[in-house]
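Inspection log for the structure reproduced underneath, given as structure tokens.
The values are calculated or read from the model by the stated rules, or taken from the named source; none is laboratory data. In this text the structure is predicted, and so the values were computed from the model without any measurement. Note: ideal-geometry Cβ built from the backbone for every residue, glycine included; neighbour counts use all protein chains shown.
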Amino acid sequence: MEEKKLMRGLDEEHLEKLKNSKWLSFYKKHKEELFLGIRNNYINLYYKGMNIAKVQGRFNKAYISARYIYKDFNGENKYQSITYEDFEQKYETVIKPEVEKHIKKNKLWEKETQQALILKNNKNCNNNRSNWICIDMEYIKQRKNSDSNGKNSFGRFDIIAVNKKNYKVALIELKVGKNAIGGESGLLKHARDWKEDYIDKDLFNNDIEEGNNCLKQEIINIINNKAFLEDDYPIKECSEKNFNCIKPAFYFLICSGDMTIDNLKNEVRKYLWSEEKCKNYNIKKVSDKYNVEKNLYDITKKGEGKLYCEFLFIEGLRDKVQITDIIDDENYDRKI
């Protein structure tokens with residue numbers, strides 16, 4: 001396969017086709033519950049954190065997981081093509097209920113919470129109650145076109161937010177409940193990825209290798225694409241000069257689920273800090289293998305050339321989380 005630049009963004013041809021497509025009209029009609037993700041010359045539509053339509057090419061049909069287009073589906077789950085007319089007909093009666101059943105069966109509360117927070121923030125951004133606009137979710141970047149299974153991907157995180165006034169960039173990893181804090185996909189994994197990719201290699205400003213674009217350029221593409229597609233988009237246009245002095249800030253946004261915030265903080269601390277710091281909180285068992293300080297350093301302390309992460313704690317999960325601003329909300333508990 002011939003390699004080409006891999007970047008999130010739609011070129012002029014694809015923008016025009018999408019602008020005049022029924023899919024964009026459908027998204028605008030259901031904007032209160034859908035998120036439009038700009039990808040590499042295609043789009044994804046998300047409902048409750050689940051990708052329900054990959055629309056590409058001529059934008060006259062989409063690809064959707066088979067589990068969402070058949071009631072009580074129990075066969076082999078593959079992506080199937082679906083016409084716009086069929087998608088529209090099944091959206092309320094089949095697709096949405098099957099997504100909700102899939103989430104409930106597999107307890108995918110984090111995915112559902114993720115989109116609920118994004119939609120709340122973006123609605124309030126339009127009302128000028130939030131200075132931030134969430135421009136992307138489910139961020140992942142391939143190193144090669146042929147790497148469809150994601151083995152050689154990098155830059156995974158949940159939400160990208162941009163401040164509409166000063167263009168600050170927030171890279172956000174969402175965690176819900178104690179089971180999301182440790183293990184292979186816990187705090188250490190994301191801290192290590194951020195350190196290696198966005199501190200050591202500065203992939204916000206730099207290409208990782210020939211054929212790939214930096215995150216800054218992708219953010220510019222996404223904002224300008226959405227401003228072209230949506231008349232009421234909060235940022236009308238941007239260019240590289242808007243991000244000349246910008247370095248991304250890193251956040252762990254942690255929802256308590258069914259725990260108290262105090263108990264959840266102790267769970268975070270035992271994966272975040274060494275025994276010495278944890279003694280101050282009467283924490284006896286501290287993680288070793290997945291401990292951030294033991295494997296890296298204390299990411300809650302600012303230091304030249306080091307990763308610094310802020311922690312945002314909030315009660316609840318899914319649409320019960322009460323925020324109006326994805327970063328600056330007064331309901332966050334910021335003490336760790």
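Of all residues assigned to region 326-336, at least one qualifies as being aliphatic (A, V, I, L, M), surrounded by fewer than 19 Cβ atoms within 10 Å (Cβ to Cβ) and over 17 Å from the mean Cα position of the chain (by Cα). Selection within region 97-126: residues that are over 12 Å from the mean Cα position of the chain (by Cα) and among the β-branched types (Val, Ile, Thr). The member of this set that is farthest from residue 328 (Cα to Cα) is 99.
The condition of being hydroxyl-bearing (Ser, Thr, Tyr) and closer than 24 Å to residue 221 by Cβ does not hold for residue 65. The criterion of being of a type in the set (Asp, Glu), within 30 Å of residue 202 (Cα to Cα) and exposed (fewer than 14 other Cβ atoms within 10 Å of the Cβ) does not hold for residue 262. Contact map, region 295-309: first residue within 15 Å of residue 269 (Cβ to Cβ), second residue assigned to a loop (DSSP other than H, G, I, E, B), Cβ cut-off under 6 Å, separation 6 or more or different chains; pairs are 299/307; 300/336; 309/299. Count of region 1-38 residues, restricted to those that are of a type in the set (Lys, Arg) and over 23 Å from residue 126 (Cα atoms), is 5. Within region 197-233, the set of residues being within 19 Å of the chain's Cα centre (by Cα) and not hydrophobic (A, V, I, L, M, F, W, C) comprises 197, 198, 213, 216, 217, 218, 221, 224, 225, 226, 233. Within region 245-282, the set of residues being over 12 Å from residue 178 (Cβ atoms), assigned to a loop (DSSP other than H, G, I, E, B) and in contact with an Asp or Glu (Cβ under 8 Å, 6 or more places away or on another chain) comprises 273, 274. For region 229-244, a residue qualifies if it is assigned to a loop (DSSP other than H, G, I, E, B), of a type in the set (Asp, Glu) and under 25 Å from residue 206 (Cβ atoms), and exactly one does: 237.
Scanning region 3-16 for residues that are without any contact (Cβ under 8 Å) to a residue 60 or more places away in the chain and surrounded by fewer than 17 Cβ atoms within 10 Å (Cβ to Cβ) gives 11, 12, 13, 16. Would region 208-228 turn up any residue that is assigned to a loop (DSSP other than H, G, I, E, B) and at pLDDT 95 or above? Scanning region 208-228, I find no residue that is assigned to a loop (DSSP other than H, G, I, E, B) and at pLDDT 95 or above, so the answer is no.
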